[in-house]
Amino acid sequence: MRHIFLINTSFGALWDSLASIAIWVLVFWFIAHIFQKINNEVPEAHSNGCHSFDFSFSSLEFYSILENIIKQREMPSITMSRVTHKEGGIFSSDRIYLRISRGPLIYDVCAAPFGNGFFVSSWQGETLDIFRRIIVALPGIGKRLEKAFYSKTYFQADTDAMFHGGVHSCLKSAIETITAAHGIRPISEVDKRDLVSQ
């Protein structure tokens, strides 16, 4: 009986240890997910429109084309990376985006299949550090404090505009590269304006 008791006690302790490990793994996974969401989240992101095509194309290949075009432009202080955004809720699939950044400014590009076609969309915005998030969240005075601490000079506003305009020009060039490969006419100036205004 004593041996049986010891065995049961050992199994009980092992089960408790495994349960504790499983709980901590879930906690760390949840925390990591939240931090990833905060890092990728762009408050008040604005859509630059969506362009669809009647042919299929590799998302990763499109990102590579766009990255090469951006590198050729030699815009200063530009970084590029792949980020993921959820398609829906916390348990939904991840969608890979190409993120072009210049400091807190970001330009996210999504290239993905849709049915037997393909689409490209883009979003632009600005990431907020923790301190700025706290300031913005302050009731009543948040916006005033944000303006006091984070207001931009004319030069900063100009370079921000050059960044967004330059990246968008590169995006149009990448789109024209893949459409030309499929025998489709280049995007007209009217189509380009529609792409921005959609």
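Read the figures in this text as sums done on the coordinates, not as results from a lab. Keep in mind that this is a model prediction, so the values were computed, not measured. Glycine also receives a Cβ, built like all others from the backbone with ideal geometry; neighbour counts cover every protein chain displayed.
By per-residue mean of other Cβ atoms within 10 Å, what is the highest-first order of 96-109, 143-156?
Per-residue Cβ counts within 10 Å, averaged per peptide and sorted highest first, yield 96-109, 143-156.
With θ taken as phi - 60° and the coefficients 6.51, -1.76 and 1.60, list the Karplus ³J(HN,Hα) couplings across segment 48-62 in order, rounded to whole Hz; mark glycine and proline as x.
Along segment 48-62, the couplings run 9, x, 9, 10, 10, 9, 8, 9, 8, 7, 6, 4, 5, 5, 5 Hz.
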